[in-house]
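Report on one structure; see the data block that follows.
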Amino acid sequence: METRLIDVHDDAVCARAYDVIIASKGHERPWNEPPSLAETLVEWRHVDEAERMEMWAAHDGDELVGVATLWLPLSDNTTMTWTDVQVDPAHRRRGAGTALVERLLERAREEGRVTMVVDFLVPPESDGHGYRRFAERHGFHLSNTEIMRHLQLPVAEELLARHAEHARPRWEGVYRLETHVGGVPEHLQESLCAVMNQLAVDAPTGDIEFEEESLTPARYREYLDVASAQGRVRLTTVAVHEDSGDVVAYTDFMLPSGAPGIAWQWGTLVHRDHRGRRLGMALKVENLRRLQVDHPERQRVVTGNDDTNSWMVSINEDLGFRIVELCPAYQRSLA
Ligand SMILES: CC(C)(COP(=O)(O)OP(=O)(O)OC[C@H]1O[C@@H](n2cnc3c(N)ncnc32)[C@H](O)[C@@H]1OP(=O)(O)O)[C@@H](O)C(=O)NCCC(=O)NCCS
């Protein structure tokens, strides 16, 4: 088994790598709706100053049978690496996964990193699952578990109205809610980035220690450009403090262009000074309403929450989200 760096500008290699990743992620997961090759290529080819990405392929003879991705954050969390390892189901148990993990460990050490994190999807009852055994065999330990939930759309307007009205008296007059398509306008970007940068430190993440992130308005705009080149729609509802004019809370949907039936729930965060006013529920209801009105083709929202994040989980359960699978994160020290 040989590993080779993937040239993200090689169309043929990228197409095969994409097929391998999709086959692996779709294995025993019939609900998987992958983004298209075209939108995936935009992401692979975008050079992000804040995070370097490299992809490695495992070759069995001439055939590309597995793909591993290494993300190296460059402006925060610079001792960490995030990784993803996917092997074509038809080619498993022949050492491709191991060859890829060994290559990533070597590369991460060369880059002076001290912690490696990998996550993957398994069924809710998955003690002793093969993917867990593979991670453990390579020296990783379970650090955190996100529970993946799906919400079937449309959610009944009566339910949304009930939750919205229950929340309203606690925030009305102090904040206003605004929904924006394709990102928030420039005058809100700085305060939105400050709130978004809290997500990594405020959301529970088990024993993985994150530093605050360092998203800037310039980089936020760059990510908006990437999403628009991908044909994706981003729907963001923010709570703006009436006195300061600052964003104090947000929630984001991303609508992939190649998977027209789903919406991904991205981050949701209420700044710690503004909690306890039911802004979380108010934002989620507003964003969902806009999603349902503007995008009736979307049949499902997919979200993941840490299993200890009872505040976010109870909002999601109230809205009708149901558990589908788990996303455990495993980490290992590279010392
Ligand atoms: C996990 C995954 C990457 C393994 O790839 P692979 O090429 O089959 O891995 P290897 O052949 O190198 O397996 C090495 C060892 O891991 C363990 N292992 C791997 N898959 C296993 C399974 N399904 N059940 C039990 N043990 C397993 C075994 O100890 C295996 O050694 P063995 O075959 O001599 O018993 C692959 O199943 C996959 O792509 N899964 C989906 C994505 C994922 O979970 N990625 C991250 C995992 S950390």
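The values are calculated or read from the model by the stated rules, or taken from the named source; none is laboratory data. Every value quoted in this text rests on a predicted model; they were computed, and no experiment measured them. Here Cβ is always computed from backbone atoms with ideal geometry, including for glycine, and neighbour counts include all displayed protein chains.
Condition (residue is of a type outside the set (S, T, N, Q), touching a Phe, Trp or Tyr at 6+ places or on another chain (Cβ under 9 Å) and more than 8 Å from the ligand (Cβ to nearest atom)) applied to segment 112-130: is it met by at least one residue? Break it down stepwise before answering.
Applying the first criterion (of a type outside the set (S, T, N, Q)) to segment 112-130 yields 112-114, 116-125, 127-130.
With the extra rule that they be touching a Phe, Trp or Tyr at 6+ places or on another chain (Cβ under 9 Å), the set shrinks to 116-122.
If we keep only those that are more than 8 Å from the ligand (Cβ to nearest atom) as well, we get 116-117.
Among the residues of segment 112-130, at least one is of a type outside the set (S, T, N, Q), touching a Phe, Trp or Tyr at 6+ places or on another chain (Cβ under 9 Å) and more than 8 Å from the ligand (Cβ to nearest atom), which makes the answer yes.
Would you be able to say whether some residue in segment 274-293 is part of a strand (DSSP E or B) and among the aliphatic types (A, V, I, L, M)?
no
Just to be sure I understand, how many residues within segment 49-77 are without any contact (Cβ under 8 Å) to a residue 24 or more places away in the chain and out of contact with any Phe, Trp or Tyr (no Cβ under 6 Å at 6 or more places or on another chain)?
Residues in segment 49-77 being without any contact (Cβ under 8 Å) to a residue 24 or more places away in the chain and out of contact with any Phe, Trp or Tyr (no Cβ under 6 Å at 6 or more places or on another chain): 5 in total.
Hand me the list of strands (runs of 3 or more DSSP E) wholly inside segment 138-245 holding 1 or more residues that are closer than 25 Å to Leu74 by Cβ and within 21 Å of the chain's Cα centre (by Cα).
141-152, 233-241
With a cut-off of at least 2 residues that are within 25 Å of the chain's Cα centre (by Cα), modelled with pLDDT of 95 or more and more than 26 Å from Gln198 (Cβ to Cβ), name the strands (runs of 3 or more DSSP E) lying wholly within segment 55-124.
63-73, 80-87
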